Amino acid sequence: MNNNNLERQDEEVLQLLKDYPKPTPDAGFYDRALARATHEGSRRQRNRWVMTGFGSAVAAGLVLWFVGTVFLASPDLPQPEASIPGITMTLEEPRTVNLVFASAMALDMATLTVTLPAGIELAGFPGQREITWQTSLVEGKNFLPLELIALSSAGGEVLARLEHDDRDRTFRLRVDVS
Amino acid sequence: MSSEANKQAFEALVQPHFDRLYRLAFRLTGRKTEAEDLFQELLIKAFGKLDDLVAIDEPGSWLSRVMYNLFIDEQRRYARRRMHTVEEGFLPVGGIEGFAGTESPERDQHRLEQLNQLDVALKQLSDDHRLIVLLHDTEGYKLEEIHTLMGIPVGTVKSRLHRARARLREILVQSGTFS
């Protein structure tokens, strides 16, 4: 390829990069962010829940761990074995489980703790059996993808414990490994 | 200062930099949801350091560096989300839907296809190369500003920029975008 061609292509790359779209936030985002920062001061919000429609998750072929409506004020009754959702994983093959809460109200600074059985790990957190986030739930559907990896065939139960103020609920997911 | 005065002082200092900071957050995280989180984290942190902020000559630079450091500190969290969060970026799943075309419909359509190919090509670069080329060539950062932001020597910024552009050219030629 001659130098003229290379120079022309370099120029085209530069021009394309200049034209590459510049992201803009949703209307009102700056105002909301500013209000939150000034009202909350140094309170730190971590790991915000991602709101999304169920449809897109289903379309993506992902497993939904739908833990139902969150009524933290109600007693945390034992979950009947038959009602515990379950998945079957393949050894050492990552599987994304989408943890979904339909919250009856907005919950600010809730704490979510995921507890894993021996042999199941959360991607990005090797060797950790318990991972905790602080998060806020919006009223309505809240969605968090968790990528699980089975490192042994033992399986077990993954627990998701949601705490807010002095109330909490625990949800269970049975994991079998084939 | 009263809390209302604090709020007003904070707004006056940070608001002029919002667009640039939001775009930096987006270039760092690659997704709208994560960009919003990072932007929010920055504002919360910056408000907690209002006393420092008012004494700084170039708050925009300072805010950018704080944002970059926040991102690096929490990269694992953002990286994990990048891999698994349902796409919410400003670019639709199928690529770029439109841009501000000024030429004929045929030429605009051709340009749109080229931009989609560029989008695909950018995803094939390393994180560092993609960030540098987007900051410099799309966002208009100077080499010195990228050096200050990322804490790498200007010479390294320059060589990575050249390599990133060369790689983009290769990919675009291979995909038939350029003849």
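Please state which of the following conditions A:Leu122 fails to meet, knowing it meets all the rest: (1) within 11 Å of chain B (Cβ to nearest Cβ); (2) modelled with pLDDT under 55.
(2)
Among the residues of the range B:41-61, is there at least one that is basic (Lys, Arg), modelled with pLDDT of 80 or more and under 16 Å from A:Pro23 (Cβ atoms)?
no
Would you check if there is a residue in the range A:77-87 being at pLDDT below 55 and surrounded by 12 or more Cβ atoms within 10 Å (Cβ to Cβ)?
yes
Taking interchain pairs and intrachain pairs at least six residues apart, which have beta carbon atoms under 8 angstrom, with the first residue in the range A:1-18 and farther than 22 Å from B:Leu122 by Cα and within 8 Å of chain B (Cβ to nearest Cβ) and the second buried (at least 17 other Cβ atoms within 10 Å of the Cβ) and polar (S, T, N, Q)?
Close Cβ pairs satisfying both conditions: none exist.
Give me a count of the residues in the range B:31-63 that are more than 10 Å from chain A (Cβ to nearest Cβ), open to solvent by 10 Å² or more (accessible area, probe 1.4 Å) and under 17 Å from the mean Cα position of the chain (by Cα).
3
Conditions: (1) modelled with pLDDT under 90; (2) more than 9 Å from chain A (Cβ to nearest Cβ); (3) open to solvent by less than 20 Å² (accessible area, probe 1.4 Å). B:Thr85 meets all but one. Number of the miss?
B:Thr85 satisfies all of (1) modelled with pLDDT under 90; (2) more than 9 Å from chain A (Cβ to nearest Cβ); (3) open to solvent by less than 20 Å² (accessible area, probe 1.4 Å) except (2).
The values are calculated or read from the model by the stated rules, or taken from the named source; none is laboratory data. Just so it is clear, the model here is predicted, and its values are computed rather than measured. Note that each Cβ is placed from the backbone with ideal geometry, even for glycine, and that neighbours are counted across all protein chains shown. SASA here: full protein model, heavy atoms, side chains in, ligands and nucleic acids out. Shrake-Rupley method; radii C 1.70, N 1.55, O 1.52, S 1.80 Å.
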